[in-house]
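Everything below concerns the one structure shown next.
Where a number appears in this text, it was derived from the coordinates with a stated rule and is not lab data. For clarity, every value in this text was computed on a predicted model and none was experimentally measured. A quick note on method: Cβ atoms are made from the backbone with ideal geometry, for glycine too, and the neighbour counts reach across all protein chains shown.
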Amino acid sequence: MKFSTFALSAFGAIAVSACVAGPRIDPVEVTRFHSAQAQLGTGTIFIESAPGMEGEDSDPVEAAAFKSAIAAELTELGYREVPRAQAQQIAQVRVNRYVAQAAQRRSPVSVGAGGSAGSYGSGVGLGIGINLGGGKRGMIGTDIAVMIRDAGTGDAVWEGRASISVSDNSQLADNGPNAKAIADALFSEFPGNNGETVEVRVAN
């Protein structure tokens, strides 16, 4: 018996593409709270790590990437970053990055051959079952929280939290791109609807 050249070529292309798992990026989950009377998106601001984030387990390089991304977003909104003593508001940043539970995927391709159906009169049929990917792909999770306080009173005037999970083969698994993506989502449509949780989709 002879398989058709067409069938084998098609199967080969499908098998190769099925074995290459593309990056996975979950939507960013964002929640914001704010005071209706607060003057937001204007004036001077200082950005610092939240209390308790300067301990032995903190990564200063990682923290700097996220504070820089947040500073860029706040500047775009209309704030002017200044030294702490000159700031009208203080933005306190908390970051947590972790390895999330890996997504389980079944084996990519299964093949069965049987009589009768075949193409181009070969007399043999190919049954191809495809599940893209294979095995487990690690996921990197990031949680950030930003609290903006009045520098004079210490009262919170705005608070935002955002979470994202991406596969370890995504460009967004790296600190810089990850920080930019999650900060952009957190401050989109600033100050946001009070108490509402939304999902923001991001591209790889």
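Structure values in brief
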{"item": "Residue order, fewest to most surrounding Cβ atoms within 10 angstrom, among Val61, Val28, Val200, Val99", "result": "Val61, Val99, Val200, Val28"}
{"item": "Label point distance in nm, Val198-Arg84, each placed 7 Å from Cα along Cα→Cβ", "result": "3.3"}
{"item": "Label point distance in nm, Thr75-Asp168, each placed 7 Å from Cα along Cα→Cβ", "result": "3.4"}
{"item": "Proxy reagent accessibility, fewest Cβ within 10 Å first, across Glu199, Glu73", "result": "Glu199, Glu73"}
{"item": "Sorted by Cβ neighbour density within 10 Å, fewest at the top, the residues Tyr79, Tyr98", "result": "Tyr98, Tyr79"}
